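Trainee: Following this message is one structure expressed as structure tokens.
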Amino acid sequence: MGTSLQLRSLVKSSGELELSLARVPVPEPAADEVLVRIEAAPINPSDLGLLLGPADIANAKASGSGADAVVTAPVPQQFLRALAARLDDSMPVGNEGAGVVIAAGSSPEAQALIGKTVALLGGATYAQHRTAKAADVLVLPADATPADGASCFVNPLTALSMVEVMRREGHTALVHTAAASNLGQMLNRICLQDGVPLVNIVRSQEQADLLRGIGAKYVVDSTAPDFIEALTDAIDETGATLAFDAIGGGKLASQILSAMEVAANRKATVYSRYGSSTYKQVYIYGGLDTRPTELARNFGLSWGVNGWLLTPFLVKLGADAAKLRARVAAELKTTFASHYTAELSLAEALQPETIAAYARKATGEKYLINPNKDA
């Protein structure tokens, strides 16, 4: 079936990142698989960990052009030990994407999908073609484009799962950081629909205005001089005892727990030397700040800070995960709509100035790769 281009990321044991486009055979679908021509794949923060790792992008260099473009960047030696499992292994990139089924295996389920626009999850989506199990793809509504469905797994399922975690663990409200992001806006819309009180933490007045403009009630700016007071008041009013933190490093997780503790003590009728008995939980699911997480330990003894990942939680949900997927499909152009700063070809995604732009992970800037653009 010819060859296909696929974006690869290679970290060499010599301490160098290399990004390139590999020519690979177009895969043949097995009996229960479909072959998708990928036309849209988002660059999520979770993709950047594999794509760029800890490379020094400010010193990236490019050679060649088009399909022969190669980008190299130094990787500081202190990070190589943590990357031991991937050293000298050229790896495909891209967690999710969408496109059109152009071929299928012999099973009736696979054959029925020929010509359909579908979304898929599972890696290697920064490629012109990708096979997937017919049972695993999500058929998009008839009026949806691949760009509409490109981000319908990672961010939507993460936002829905946050609310699901809240319910399953007995909490009644949420706190979310980096809340003006694409994911944060989705979570805000979900919480408004479902009647879940949500405290949104942002990093500028502009981001606060954006969220209030789409209906958010509780928005606090971490750069404002009254941030701690405003955060505590919002947590007190909502009763939030669960937070999902995309920042990770620094003091923010600690500040959230402290605000939860103060809010809980406002309602206390007796003093406890061990702090309130209200359990407070922060799940760190991102690393926008790569510094160590600092905990001041001024929030009693009933608390937890854990890492959280989407995929293990979906496995834990089992069959119930299908309900989340069905909601995403039904609300693809409303609750779960994503907006993109630019659509890039594979070659454009390897231009150093473009890499610098999407590596910033700036709030409100989301990039889309169309591997078949200019093909």
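The values are calculated or read from the model by the stated rules, or taken from the named source; none is laboratory data. A quick note: this is a predicted structure, and the numbers were derived from the prediction, not measured. Because the Cβ atoms are built from the backbone with ideal geometry, glycine has one as well, and the counts that use them run over all protein chains shown. The protein model used for the area step is the full one, side chains on, heavy atoms only, and it has no ligands, DNA or RNA in it. Shrake-Rupley method; radii C 1.70, N 1.55, O 1.52, S 1.80 Å.
Trainee: So how many residues does the stretch 88-117 have that are open to solvent by 30 Å² or more (accessible area, probe 1.4 Å), under 21 Å from ILE355 (Cα atoms) and among the aliphatic types (A, V, I, L, M)?
Mentor: Adding up the residues that qualify gives 1.
Trainee: I've got another one for you. Of all residues in the stretch 167-215, which are open to solvent by 10 Å² or more (accessible area, probe 1.4 Å), under 14 Å from LEU242 (Cβ atoms) and in a helix (DSSP H, G or I)?
Mentor: Passing the criteria: ARG167, ARG168.
Trainee: Right, here's the next one. Search the stretch 273-285 for residues being more than 22 Å from the chain's Cα centre (by Cα) and in contact (Cβ under 8 Å) with a residue 24 or more places away in the chain, and hand back the single one that is surrounded by the most Cβ atoms within 10 Å (Cβ to Cβ).
Mentor: The qualifying residue surrounded by the most Cβ atoms within 10 Å (Cβ to Cβ) is LYS280.
Trainee: Is it the case that ALA134 is closer than 18 Å to ASP245 by Cα, open to solvent by less than 30 Å² (accessible area, probe 1.4 Å), touching a Ser or Thr at 6+ places or on another chain (Cβ under 7 Å) and not aromatic (Phe, Trp, Tyr)?
Mentor: On the way: closer than 18 Å to ASP245 by Cα: no; open to solvent by less than 30 Å² (accessible area, probe 1.4 Å): yes; touching a Ser or Thr at 6+ places or on another chain (Cβ under 7 Å): yes; not aromatic (Phe, Trp, Tyr): yes.
The answer is no for ALA134.
Trainee: Follow-up. Would you please list the contacts, defined by Cβ atoms under 8 Å and residues six or more apart or on different chains, that run from a residue in the stretch 113-136 that is of a type in the set (Phe, Trp, Tyr) to a residue that is assigned to a loop (DSSP other than H, G, I, E, B)?
Mentor: TYR126/VAL93; TYR126/GLY94; TYR126/LEU346; TYR126/PRO371
Trainee: Could I ask something else about it? Could you tell me which numbered condition ALA362 fails, if it satisfies all but one of (1) surrounded by fewer than 17 Cβ atoms within 10 Å (Cβ to Cβ); (2) small (Gly, Ala, Ser); (3) over 25 Å from ASP56 (Cβ atoms)?
Mentor: Among (1) surrounded by fewer than 17 Cβ atoms within 10 Å (Cβ to Cβ); (2) small (Gly, Ala, Ser); (3) over 25 Å from ASP56 (Cβ atoms), ALA362 violates only (3).
Trainee: If a residue has to be out of contact with any helix residue (DSSP H, G or I) (no Cβ under 8 Å at 6 or more places or on another chain) and closer than 18 Å to ILE256 by Cα to count, how many in the stretch 172-207 make the cut?
Mentor: So the count comes out to 2.
Trainee: Going by the structure shown, is SER65 under 23 Å from the mean Cα position of the chain (by Cα), farther than 30 Å from GLY115 by Cβ and open to solvent by 50 Å² or more (accessible area, probe 1.4 Å)?
Mentor: no
Trainee: Continuing with the same structure: How about the stretch 142-166: which of its residues are part of a loop (DSSP other than H, G, I, E, B) and open to solvent by 40 Å² or more (accessible area, probe 1.4 Å)?
Mentor: Answer for the stretch 142-166, where residues must be part of a loop (DSSP other than H, G, I, E, B) and open to solvent by 40 Å² or more (accessible area, probe 1.4 Å): ALA142, ASP143, THR145.
Trainee: Hey, could you check the stretch 9-52 for residues that are among the charged types (D, E, K, R) and surrounded by fewer than 21 Cβ atoms within 10 Å (Cβ to Cβ) and say which is farthest from GLU343 (Cα to Cα)?
Mentor: Here is the first cut: in the stretch 9-52, the residues among the charged types (D, E, K, R) are 12, 16, 18, 23, 28, 32-33, 37, 39, 47.
This time we only want the ones that are surrounded by fewer than 21 Cβ atoms within 10 Å (Cβ to Cβ), so: 12, 16, 18, 23, 28, 32, 37.
Values: LYS12: 29, GLU16: 27, GLU18: 22, ARG23: 22, GLU28: 28, ASP32: 31, ARG37: 16 Å.
My answer is ASP32.
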